[in-house]
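Trainee: The structure that follows is given in the form of C-alpha cells.
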Amino acid sequence: MNAVTLGPAGTYSHRAARAVAAEVSFRESVTAIVDAVASGEFERGVVPIENSIEGSVSESLDALADHDVAVTREVVTPIRHALLAQSSEFELVASHSQALAQCRNWLEANHPDAGLEAVASTARGVERAREDARIAGIGHPDNAGDDLEILAADIQDRTSNATRFLVVGPPSARSDAGGKTTLIVYPNANYPGLLLELLEAFADRNLNLSRIESRPSGERLGDYLFHFDVEAGLYEDHMAKAVEDVEAIADNGWVRVLGSYDTQHVLE
C-alpha cells in the first residue's frame, strides 16, 4: 500500500504515515493530499485533523468536505518539540504555524527577541535551519541529525501535546465497522433549532459526540456545514438510525458519511 502525507520527510505527519504504509510520498498541503487520494493516485492519505492544544486543522476539515473520500483509521501520536539549530546564535525560528503556536509561551520566555516565521511544515523549518545558521527550527529531536544541535527538548507548552491524524482512502474503503464514525452535514437551511435537531438525533439515542465543528459552506455568508465525530460504529443499529434522522433533517442539503474506524496510537 502507498500513502501520501505532508512533507518533506521527517514531519510528524510522516511519523504517523509510517504506521499506515511502508511507502510514503509527500505533498505540500492537506488539500493536495486529499485530492491525490480522491483521484486514485494514492491508496491512502494521512492528514492532521486535531491537536490537543491548538484544536482542529481548518484546511483538513475543508478538504474532507470538498472531496469524496472515506476515513479508514485515526492515528494519534504525541508531539515532542525540540529547538534545533546550528548554534545558539540564531535570529529567527521557522516552523509550521501550529508548532509555533504550541511552543508560544516557551519561545516568549526563552527567546523573546527571535523572529517567528511560519513555513509549510516542521520539517521544512528544520531544513531551513540546516541551510542557514541564523535560523532555528522546531521538530522532533530525531530530526537534528549530525549537523544540528538540540538546543532544548520538550519545548511544547503542555506535556500532553498530541495530534490526531485521519487516514483517508477512496469511497470504496468506507467501512461500517469501528468504534468511531465521522460525518459531514450540510443542511442548506437556517432556522431556530436546526442545530438542536441535529444534536438530538444523537442525544436521544445516548450517542456521544466527541467532536463537533462548524465551517463556512462557501456558498454564502452565514451558511455553515457541520463535522461530527460520534463514538459509535455504523454497524450499530442506534447509530444507523441517528444517521437516517440527520439525513431527513438535511434533506435540502447533503450528508457525507466518511465511515467508521478504530484508533491506533503511535508512541515513537
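The values are calculated or read from the model by the stated rules, or taken from the named source; none is laboratory data. Predicted, not measured: the structure shown is a model, and the values here were computed from it. Please note: Cβ atoms are built from the backbone with ideal geometry, for glycine as well, and neighbour counts cover all protein chains shown. Side chains included, ligands, DNA and RNA excluded: accessible areas come from the protein's heavy atoms. Shrake-Rupley method; radii C 1.70, N 1.55, O 1.52, S 1.80 Å.
Trainee: Show me the ranking of peptides 149-157, 120-128 by mean Cβ neighbours inside 10 Å, starting with the highest.
Mentor: 120-128, 149-157
Trainee: Here are labelled values, [x] 1.30; [y] 0.94; [z] 1.09, and one is the computed Cα Rg over 2.2 N^0.38 Å for what I pasted. Which one?
Mentor: Computed from these coordinates, Cα Rg over 2.2 N^0.38 Å corresponds to label [z].
Trainee: By per-residue mean of other Cβ atoms within 10 Å, what is the highest-first order of 51-64, 186-199?
Mentor: Peptide ranking by packing, descending: 51-64, 186-199.
Trainee: Please find the FRET efficiency linking Asp147 to Leu209, where r is the Cβ-Cβ separation and R0 is fixed at 51 Å, and quote it to the nearest 0.05.
Mentor: Calculated value: 0.65.
Trainee: Next up: Taking every eigenvalue of the Cα gyration tensor of the stretch 1-141, multiplying by 5 and rooting it, what semi-axes result, largest first, whole Å?
Mentor: Gyration-tensor ellipsoid for the stretch 1-141: 29, 15, 12 Å.
Trainee: Taking Cα pairs under 8 Å and at least six residues apart, what relative contact order does the stretch 82-152 come out at, in percent?
Mentor: Relative contact order for the stretch 82-152 comes out at 52 percent.
Trainee: While we're on this one: Angle, helix 194-203 long axis vs. longest principal axis of the chain, Cα atoms, 0 to 90°, nearest 10?
Mentor: In the chain, helix 194-203 runs at an angle near 90 degrees to the longest axis.
Trainee: Nearest 500 deg cm²/dmol is fine: what mean residue ellipticity at 222 nm does the chain get from its DSSP H runs of n ≥ 4 alone, each adding -39,500 (n - 2.57), divided by its residue count?
Mentor: Calculated from helices alone, the mean residue ellipticity at 222 nm is -7500 deg cm²/dmol.
Trainee: Additional query: When the accessible area of the stretch 1-115 is computed with all protein chains present and a 1.4 Å probe, what percentage of it is carbon and sulfur?
Mentor: 43
Trainee: Testing the spin-label approximation: label points 7 Å from Cα along Cα→Cβ at Asp223 and Ala9. State their distance in nm.
Mentor: My value for the distance between the label points is 4.6 nm.
Trainee: While we're here: Limiting things to C-alpha atoms, what are the Rg and the maximum Cα-Cα separation (Dmax) for the stretch 89-238, in angstroms?
Mentor: 21.6, 61
Trainee: Go ahead and collect, in residue order, the members of the stretch 128-165 whose backbone nitrogen is under 17 Å from a label point 7 Å along the Cα-Cβ direction of Gln264.
Mentor: Taking a point 7 Å out along Cα→Cβ of Gln264, the residues of the stretch 128-165 whose backbone N falls under 17 Å are 163-165.
Trainee: Nearest 5 is fine: what % of DSSP beta bridges in the chain come out antiparallel, could you say?
Mentor: Around 70 percent antiparallel, to the nearest 5.
Trainee: R0 = 25 Å: FRET efficiency of Ser97 with Leu195, Cβ-based, nearest 0.05?
Mentor: Computed FRET efficiency for Ser97 and Leu195: 0.30.
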